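Chemist: The structure under discussion is supplied below as structure tokens; questions concerning it will follow.
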Amino acid sequence: MKTVEEINEKIREGNVNVVTALEMKEIVAELGAKEAAKEVDVVTTGTFGAMCSSGAFFNFGHSDPPIKMQRVWLNDVEAYTGIAAVDAYLGVTQLSETLGMEYGGAHVIEDLVRGKEVELRATAYGTDCYPRKEIVTEISLEDVNQAVMVNPRNAYQRYRAATNSSDRVLRTYMGTLLPNFGNVTYAGVGELSPLNNDPEYRTIGVGTRIFLGGAKGYVIGEGTQHSPPFGTLMVKGNLKEMKPEYLRAATFPGYGVTLFVGIGIPIPILDEEMAKATAITDDKIETVIIDFGVPRRDRPIVKRVTYAELKSGKVEINGEDVRVSPLSSYYMSKKIAEELKRMIERGEFFLTMPVERIPQKEVFKPMRQREIKVVKSVMSSPAITISPEASIEEAARILIENEINHLPVVNERGELIGIVTSWDIAKAVARGKIGKVEDIMTRKVITTTMEEPIEIAARKMEQHEISALPVVDKDNKVVGIVSSEDLSKLLAR
Amino acid sequence: MLLKLKYDSRSVRAPVISKVAIEENALINIIEAKVEPRFGEIVVEVDDEIAERVAEKFKKYGVEVRKLTKSIEKSEKCVDCGACISVCPTGVFERGEDDRIVVNEVKCIRCGFCVGVCPLNALKLPE
Ligand code: SF4
Ligand code: SF4
């Protein structure tokens, strides 16, 4: 049994034994947990990945005459000002109003940490005590009073890996997912990751001193969505002391902006139990691969895997080898664990015990929603359909008589085989084409189902630039039709 | 070797690739093509040994030829995350010994897909 005070005394004396989490696996394998606990005082961990739930509080100081900022932008990226006059919180995923996904809150933070100046622009309604209504100026990290990084959810213990069963390329927060299970992506660094090395959160809790973005920071509680073993941490640190190498702005193409954050946590080896915990290896850390091809909250699980399998670069799905991309940097994570080790060895970093433990059990609840509106509630049913054998003229007549623009084409069993629109007919007429509906219909029809949420149906229409979807049942029989007008009436509310 | 062919309004109307393939008895693999009524840009792959000969023939038929020797370039912006590994069709990116992401340039067919995938905007295809 060792205490953190004893370990800190060793740090002061310069004879502390610190190893990285990767080195610890080998030491425990060789000496056993009991001996390893005597030998080793501290195990350092590290992680470096995209952490969207990050940002910083700023206090800009007062202008003359003073302003109570109602809205504020840094390089055109808006920060939240619903707090005191010149305080604001800039979130990393907020996009620039002029550059969109190319530049966001994360880029502002990286620029500031690199020593650059950014433009501050603020507006206000004006009061007796804060008469100014507008200000534009330049600021750097030196100019502001405080710049405190506060990240509500960082350092995910483990994360669900992603794949895509659909026939389109998907651009997601899990990176680019190729169609038909073309690849798998995963986040986190498994056995090197802080929380996996202290799964009962004995030494990582409120008040634990950590390495955050190249400076010292603190755990201030469990993170949002904390749900062991998918644990998370809320952390804070002084942005003014951080280094750009460990805070890197990124854009996940088609998804948005995020920040790669470097976090390292030292774990005191208090006893044999802690030695055992820090010996955890990737083959013991499990997660699941989920299917992003299904755009719902509860995405189906494709497969259970361990981090060892993911790290191998290949996993088998439906009998085929699928290539795997990590999204967190192992190289940087290792570098952080090593840097933290050096800081402790040089006596620059002392350990703390948590003043309060974070929950070891907690469930992550879904959002309470009034209702999930589905296609069934807005579709026109039954749909007016036509046979492929019918003439183009006949189709034109039905469209006009019913004042509609889309006509699903069904065979004698009522199964959907195509669609004709008034535009198809206009084109056919303009080209002097006479014939049957099947000569001009579109055969690859984008469809929806009765139970599909209307937001998903709307996104399908938007993506394919179409304005109606036939509604089919499980046998591909047409049961109705839904148009973009039907949906916009509901979505706009 | 990869050759970038630039067609003008005249050459774009002639079946130049077929002519060169037949006359030079060469296998020509089309990697990328953008053909419009008055202009065309096609990237083809041919064996290194016959590249010179094939290039000359294209020029004879009024097509501008540039050899694409440069493959994908990774800048120092890279954070070694590995997001590019699984999207490259030919496996150019690999995790090296020290966990850095290494680029095996010779495998690159210049499809350009990885350029739009890297979150750090660290990948570029030089002309
Ligand atoms: S995706 Fe970009 S940052 Fe990540 S390893 Fe590849 S080149 Fe480097
Ligand atoms: S350009 Fe295409 S082939 Fe070359 S590295 Fe990128 S993805 Fe691979």
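What follows draws every value from the coordinates through simple rules; no lab data is involved. Not measured: the values here are computed from a predicted model. When we count neighbours, we look across all protein chains shown, and the Cβ atoms used for this are built from the backbone with ideal geometry, even at glycine.
Chemist: Taking R0 as 30 Å, what's the FRET efficiency between B:T90 and A:K444 from their Cβ-Cβ distance, rounded to 0.05?
Modeler: 0.50
Chemist: Over its Cα atoms, what ratio of radius of gyration to 2.2 N^0.38 Å does the range A:375-491 give?
Modeler: On the way: Rg = 13.8 Å, N = 117, 2.2 N^0.38 = 13.4 Å.
Output field value: 1.02.
Chemist: Across peptide A:318-331, what mean number of C-beta atoms from other chains lies inside 10 Å of a residue's C-beta?
Modeler: Rounded to a whole number, the mean comes out at 5.
Chemist: To make sure I understand the rule: partners must be lysines, Cα under 23 Å from the Cα of A:K25, and not fewer than 8 residues away in the same chain. Which ones qualify?
Modeler: Those lysines meeting the cut-off are A:K2, A:K10, A:K34, A:K38, A:K276, A:K284, A:K311, A:K334, A:K335, A:K341.
Chemist: Something else: Please list A:170-176, A:111-117, A:40-46 highest first by mean number of surrounding beta-carbon atoms within 10 Å per residue. Walk me through the numbers on the way to the answer.
Modeler: Values: A:170-176: 21.0, A:111-117: 17.6, A:40-46: 28.0.
Most protected by this proxy first, the peptides run A:40-46, A:170-176, A:111-117.
Chemist: To the nearest whole number, what is the average tally of beta carbon atoms from other chains within 10 Å of the beta carbons of peptide B:84-91? Spell out each step's value before the answer.
Modeler: Values: counts 3, 7, 15, 10, 3, 2, 0, 2.
Counting Cβ atoms of other protein chains within 10 Å of each residue's Cβ and averaging gives 5.
Chemist: Calculated from DSSP H runs of 4 or more alone, at -39500 (n - 2.57) each and per residue, what is the 222 nm mean residue ellipticity of chain A, nearest 500?
Modeler: -6000 deg cm²/dmol
Chemist: A follow-up question, please. Could you pull the Cα extents of chain A along its three principal axes, largest to smallest, in whole Å?
Modeler: Principal extents (Cα only, largest first): 94, 67, 38 Å.
Chemist: Here's a follow-up. Enter the Cα centre distance for the pair the range A:298-319 and the range A:351-418, rounded to the nearest angstrom.
Modeler: 30
Chemist: Over the range A:396-493, what is the relative contact order in percent, taking alpha-carbon pairs closer than 8 angstrom and at least six residues apart?
Modeler: Working: 118 pairs, mean separation 22.2, N = 98.
The value is 23 percent.
Chemist: Now, a different point. When a/c reaches 1.5 or more, the comparison of a/b and b/c decides; with that in mind, is the range A:412-472 rounded, prolate or oblate per its Cα gyration tensor?
Modeler: Oblate.
Chemist: Evaluate peptide B:74-80: per residue, the Cβ atoms of other protein chains within 10 Å of its Cβ; return the mean as an integer.
Modeler: 4
Chemist: Quick check: the distance between the Cα centres of the range A:86-113 and the range A:217-272, to the nearest angstrom?
Modeler: The range A:86-113 and the range A:217-272 have Cα centres separated by 18 Å.
Chemist: Hey, another quick one. Might you report the magnitude of the Cβ-based charge dipole of chain A about its Cα centre, with Lys and Arg at +1 and Asp and Glu at -1, to the nearest 20 debye?
Modeler: For chain A, the charge dipole is close to 460 debye.
Chemist: So what is log10(I(q)/I(0)) for the range A:61-144 at q = 0.16 1/Å, when the Debye sum runs over its Cα atoms only?
Modeler: For the requested q values the scattering log ratios are -0.58.
Chemist: Could I ask something else about it? Please list the equivalent ellipsoid semi-axes of the range B:73-124, computed as the square roots of five times the alpha-carbon gyration tensor eigenvalues, in descending order and whole angstrom. Intermediate results must be reported in sequence, preceding the final value.
Modeler: Numbers: eigenvalues 45, 35, 18 Å².
Gyration-tensor ellipsoid for the range B:73-124: 15, 13, 9 Å.
Chemist: Counting DSSP beta bridges with both partners in chain A, what percentage is antiparallel, nearest 5?
Modeler: On the way: 85 of 98 bridges.
Looking only at bridges with both residues in chain A, the antiparallel portion is about 85 percent.
Chemist: Taking the inverse of the average 1/r across all pairs of different Cα atoms in the range A:192-270, what Kirkwood radius in Å do you get?
Modeler: Result for the range A:192-270, one decimal place: 13.6 Å.
Chemist: What share of all Cα pairs of the range A:238-353, in percent, falls into each consecutive 5 Å distance bin?
Modeler: Histogramming the range A:238-353 at 5 Å steps yields 2, 8, 11, 16, 17, 16, 13, 10, 5, 2, 0 percent.
Chemist: Okay, next question. Put a dot 7 Å past each Cα toward the Cβ at A:I83 and B:L125; how far apart are the dots in nm?
Modeler: 4.6
Chemist: Shifting gears a bit: Only Cα pairs under 8 Å and at least 6 apart count here; give the relative contact order of chain B as a rounded whole percent. The partial results should precede the final answer.
Modeler: Values: 211 pairs, mean separation 32.6, N = 127.
With pairs under 8 Å counted, the relative contact order is 26 percent.
Chemist: Rounded to the nearest 20 Debye, what is the dipole magnitude of the range A:92-219 about its Cα centre when Lys and Arg each give +1 and Asp and Glu each give -1 at the C-beta?
Modeler: The calculated dipole for the range A:92-219 is roughly 500 debye.
Chemist: Moving on to the next point. Starting with the highest mean, order B:58-71, A:408-421 by the number of other Cβ atoms within 10 Å, averaged over the residues of each peptide.
Modeler: So the order, starting with the most tightly packed, is A:408-421, B:58-71.
Chemist: Of the cross-linked pairs A:K444/A:K477; A:K376/A:K477; A:K133/A:K236, which ones have a Cα-Cα span greater than 24 Å in the structure shown? Walk me through the numbers on the way to the answer.
Modeler: Working: A:K444/A:K477 15 Å; A:K376/A:K477 15 Å; A:K133/A:K236 32 Å.
Over 24 Å apart, Cα to Cα: A:K133/A:K236.
Chemist: Determine the sum of side-chain charges near A:V184: Lys and Arg each +1, Asp and Glu each -1, restricted to other residues whose C-beta is under 12 angstrom from that of A:V184.
Modeler: Surrounding charge for A:V184 is 0.
Chemist: Please arrange A:F211, A:F230 by how many other C-beta atoms lie within 10 Å of their C-beta, fewest to most.
Modeler: Ascending number of Cβ neighbours within 10 Å: A:F230, A:F211.
Chemist: How high is the relative contact order of chain A, given as a whole-number percent (alpha carbon pairs under 8 Å, six or more residues apart)? All intermediate terms of the calculation are to be shown ahead of the outcome.
Modeler: Working: 1176 pairs, mean separation 81.4, N = 493.
Value for chain A: 17 percent.
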